[in-house]
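One structure is given here, and the rest of the page talks about it.
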Amino acid sequence: MSSAPQPRRLQSSEVDHAIGVLARAFRDDPTMVYLQPDPAKRLQVLPWAIGLTVHYGHRFGEVYVSPDGDGIACWLLPGRTELTFGGLIRAGALQAPLRMGIGGTRRMLALVQYIDGVHERCAKLPHWYLGMLGVEPTRQGQGVGGRLIGPILTRAAAEGLACYLETQNARNLPFYQKHGFTVVHEGLVPGSDLRSWAMLRS
């Protein structure tokens, strides 16, 4: 067995750090460009938008950080993979109109509604849900992401459970396919040219 340091659960004191890592990782991600096309405004809103996922995952799922702090993975647990209204409120979703503006909020709601529908159709059995995975730009391509999700993939396989995710970045597909995921749905978010892929590791 390897003695190399393993990913660990994120502590409450590290939430802001995790948001910073993910904000830098997703700065030019197609999803974030869709939510806020203006680069300057996107930099302002990114920490809040990313924070929704981190806060929700920290409260209701499991968020992991790589040993060096350069990678973050947000998971929702089997049986608790559907976002709840109360959970979103606690994560800060009510601030959306103020933070995103009316147009950005509408785009966010359209995206959430779309991926929720795909999720419901494509992942009917109990599964782990990878809500977000990000690595510092300077560390990408060095195996950080793979080592970060490895323990949950191993745990899920041992328990006979699937893992599921969505990505709106075509560059991510080979990475996830390398780790056993297959594309189970591909489509466009209604009213946009944002393409989304649902992937399942059975």
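Of all residues in the stretch 55-67, at least one satisfies being assigned to a strand (DSSP E or B), closer than 19 Å to R9 by Cβ, modelled with pLDDT of 90 or more and among the charged types (D, E, K, R). Looking only at the stretch 165-202, how many residues end up being outside any strand (DSSP E or B) and touching a Gly at 6+ places or on another chain (Cβ under 8 Å)? Here the count works out to 3. Comparison of P5, P30, P78, P67 shows that the only residue that is out of contact with any helix residue (DSSP H, G or I) (no Cβ under 9 Å at 6 or more places or on another chain), touching a residue at least 40 places away in the same chain (Cβ under 8 Å) and either more than 12 Å from G131 (Cβ to Cβ) or among the β-branched types (V, I, T) (or both) is P5.
The residues of the stretch 101-159 that are in a helix (DSSP H, G or I) and among the charged types (D, E, K, R), listed by number, are R106, R107, D116, E120, R121, R139, R147, R155. Of all residues in the stretch 114-131, none that is over 11 Å from L77 (Cβ atoms) has its Cβ atom under 7 Å from the Cβ atom of a residue that is aromatic (F, W, Y) and assigned to a helix (DSSP H, G or I), 6 or more apart or on another chain. Exactly one of (1) within 26 Å of R80 (Cα to Cα); (2) more than 17 Å from the chain's Cα centre (by Cα); (3) touching a residue at least 12 places away in the same chain (Cβ under 8 Å) is unmet by S192. Its number? Only one criterion is unmet by S192, namely (1). Exactly one condition in (1) surrounded by 14 or more Cβ atoms within 10 Å (Cβ to Cβ); (2) at pLDDT 90 or above; (3) out of contact with any Gly (no Cβ under 8 Å at 6 or more places or on another chain) is false for G131; which is it? Among (1) surrounded by 14 or more Cβ atoms within 10 Å (Cβ to Cβ); (2) at pLDDT 90 or above; (3) out of contact with any Gly (no Cβ under 8 Å at 6 or more places or on another chain), the lone unmet condition for G131 is (3).
The values are calculated or read from the model by the stated rules, or taken from the named source; none is laboratory data. All values reported here derive from a predicted model rather than from experimental measurement. In this analysis, Cβ positions are derived from the backbone assuming ideal geometry, glycine residues included, and neighbour counts consider all displayed protein chains.
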